[in-house]
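Reviewing the structure listed below.
Derivation of every value follows stated rules applied to the coordinates shown; laboratory data play no part. Note that the structure is predicted; figures quoted are calculated from it, not measured. Glycine gets a Cβ as well: all are built from the backbone with ideal geometry, and neighbour counts include every protein chain shown.
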Amino acid sequence: MTFIPAHVEKILENALVCSFTCIDGKGRPVTHPLLPLYERDSGNIYFTSSVLFSKKLEYIKRNPRVSALFSNRRFIMSDEFHVVLVQGDARVLEEDIHHGWEKLLPLWRKKEPYIDAYVKQRIALPLFWERSIIELAPRKLYVWNDGDMSKEPQIYVR
Amino acid sequence: MLEDVREYDEAIVTYVDDEGYPFSYPSSYRIEDGAVVLERHGWLKKKSSDKVSVLFNHITPLPTGGYMDRRYIVLWGGIEEKQDTIRFIPSRRYSWDENKVHFFQYCEISVPRGRRYMQLLERELGRKLKPALSLFSLFFRVTRLPFLIATVVPTLLGAAVAAYHGIFDPLLFILTLIGVAAIHLGLNMANDYYDTKLGADNVNTTPTPFSGGSRALQYGLITPSAAVAMFSSFYALGLGIGLYLAITRGLVPILSLMLLGFILSFFYTAPPLKLAYRGVGEIAVGVGFGPVIVLGSYYVQTQGFHIAPLLASLPVGILIALILYANEIPDKRADALAGKRTLVVRLDDRTVMKLYKALIALVYAIIVLTFAAGYAPFTTLLALLTIPTARKAVKQISETYGNPYYMIPGLATNIKLATTTGLLLAVGYIIPAAYNLLIT
């Protein structure tokens, strides 16, 4: 059973993009826009990363503390809007970088319906489709209800 | 550093909190005196830090799902509280805008990183890793299989002229086709191997499906030694079949054409001749895929030479050389860097297009004159049906000249022009040949 409240789950499920941050070897935050894939059953957020853009994978392996910020009303495809910061610990899953990430395709397809057409063209960009999975297990949430940043955030801890 | 950050909805400010986790929040912002001035929220705990990143991210969501127009900027620097504002002073930045650097190019630039990471992973997992492609996909990509159409067309044309002259042996045709196709696949792979060795493919960050080589070596799909083994095998197969045909159908003529074809093919990129690097690659391709293949295919069938197949070979040779010529346009920068002095590198852009148009006009002139001179049947004028395709190719290539990814449709039309014209020309010889066969 996840500790994530339903109104927050709605944001995680319907965000087209989030700001994912890991920490580099010098203790500096490194933020990238990434497509978040929220899995209700586990309460985890998944991301995939091509080996072409693998720096973050190396950082996460050295320091698993990461965060994902869900902000910008225009990027949340839902009638509700809250700004949500998820902090947690990440694991890089890459036993099978060829096909392991394909299990996330049902979640991915919901956000990018055209993704299957790209996957079929794997021959065109073979290295792009060699992908690791980043599994983010949330431990703490900061929620600014209705996106009101002037107020203190509500905090939920696992 | 801040000149292009004004047009984003928000700044995402991130620092590492006291628990050691990244803490991010969105903020409105303005640019002032080389600094990003951020909102000062009452609940904000950390108001100064020298390790802060600020992300500016943009996408345009699509009503059908997904998004487009990706661009982002990441700045690193420090924040400090000054009176009632928080100021961020950037010291480093990283950015990507897909409207400026196409996604394919962005991926291509990142290939060395991707390969390094796969090598790291190989060590972690204790097993070999290379991009997963089915055996057929791998063969398809590594050999650039679709380009075989450039072999099928002239081989068919030579046999079609022979059939028009009353002689056609399907088994000999198939054997010729396999032999010539093997030489062509050898050419494709030798070209990749030597273009990689000589640096032209390595510095090319804007390959397209039609230019920049197969990228098999750049992506680690095969090793250089495997490439050598493969092109050697293809050449051995092609030369073996050629030798058999020479012994059975005409030693000196077939051997001469085969050796000329092999030299043009292998030394197209390979040292010491490196024909493509000296601005004669286009002529080599035109001669190789035109007169050499058409006359060879004709001779295997008829055991003789004739001016008709030579004239028929000229439009096809020119059009196949024009495939190469147009495909060199996206590679111009990389070719110039690698010292590959192709015609496109040597000529200025206006002259490149003028020559392209002039050669297309020449193709149709040869087709008409060959018929007018009585060396081709009336039905070969069917090839003129491709004139609208030629106009479309000229228009598409002119309009997108120099932009590798926008050129892709034009390059595809150019290939369609060469193959359709060649096939219609062959059909033009086959129709009277079939008619003669049916009435006798």
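Brief remarks on what is shown
- Over segment A:6-144, relative contact order from alpha-carbon pairs under 8 Å, at least 6 apart, %: 31
- With respect to chain B, whose longest principal axis is taken over its alpha-carbon atoms, helix B:307-327 is tilted by about 0°.
- Note on B:230, A:149: ascending count of other Cβ atoms within 10 Å places them as A:149, B:230, the fewest first.
- Site pair residue B:306 and residue B:139 shows an inter-label distance of 3.6 nm when each label is modelled 7 Å from Cα along Cα→Cβ.
- Nearest-ten-degree value, helix B:293-302 long axis tilted from longest Cα axis of chain B: 30
- Nearest-20 debye value, segment B:11-100 charge dipole, Cβ charges on Lys, Arg, Asp, Glu: 160
- Spatial offset of segment A:16-50 relative to segment B:236-263 amounts to 60 Å, using the alpha carbon center of each.
- Taking other C-beta atoms within 10 Å as the exposure proxy, B:335, A:24, B:84 rank B:84, A:24, B:335 from fewest upward.
- Size of electric dipole in segment B:311-440: Cβ of Lys, Arg +1 and of Asp, Glu -1, about Cα centre, debye, nearest 20: 220
- Pairs of Lys residues in segment B:11-100 are counted when their Cα atoms are under 19 angstrom apart and they lie 8 or more places apart or on different chains; the count is 4.
- Full-extension gain in nm, residue B:346 to residue B:362, via 0.36 nm per residue minus C-alpha separation: 3.6 nm
- Pairs of lysines in segment B:270-419 whose Cα atoms sit within less than 19 Å of one another amount to 12, provided the residues are eight or more positions apart or on different chains.
- Annotation: amide H of residue A:77 within the under-5 Å range of A:15, A:16, sequence separation 5 or more or interchain, hydrogens built in the peptide plane.
- Counting neighbouring beta carbons within 10 Å and listing from fewest to most, the residues B:183, B:31, B:439 come out as B:439, B:31, B:183.
- Relative to the longest principal axis of the Cα atoms of chain B, helix B:170-197 runs at roughly 30 degrees.
- Under 5 Å, built H, 5+ apart or other chain: amide partners of residue B:341: B:278, B:279
- Given chain A, longest segment not containing exposed loop chymotrypsin sites (Phe, Trp or Tyr not before Pro) (DSSP; at most 13 other Cβ within 10 Å): A:4-113
- Relative compactness, segment B:1-96, computed as alpha-carbon Rg over 2.2 N^0.38 Å: 1.12
- Per-residue Karplus couplings for segment B:432-438, computed as 6.51 cos²θ - 1.76 cosθ + 1.60 with θ equal to phi - 60°, are listed in order as x, 5, 5, 4, 4, 5, 6 Hz, Gly and Pro entered as x.
- Separation of alpha-carbon centers, segment B:385-416 and segment B:51-77, rounded to whole Å: 34
- Rel. contact order, % - alpha carbon contacts under 8 angstrom, at least six apart, chain B: 14
- Note on the protein assembly as shown: Kirkwood hydrodynamic radius from all Cα pairs is 27.4 Å, rounded to one decimal.
- Excluding exposed DSSP-loop chymotrypsin sites (Phe, Trp or Tyr not before Pro) (at most 16 other C-beta within 10 Å), longest clean stretch of chain B: B:44-304
- Charge dipole (Cα centre; +1 on Lys/Arg Cβ, -1 on Asp/Glu Cβ; no other charges) of segment B:135-439 amounts to roughly 440 debye.
- Entry note, segment A:30-106: relative contact order of 24 percent, from Cα contacts under 8 Å with a spacing of 6+ residues.
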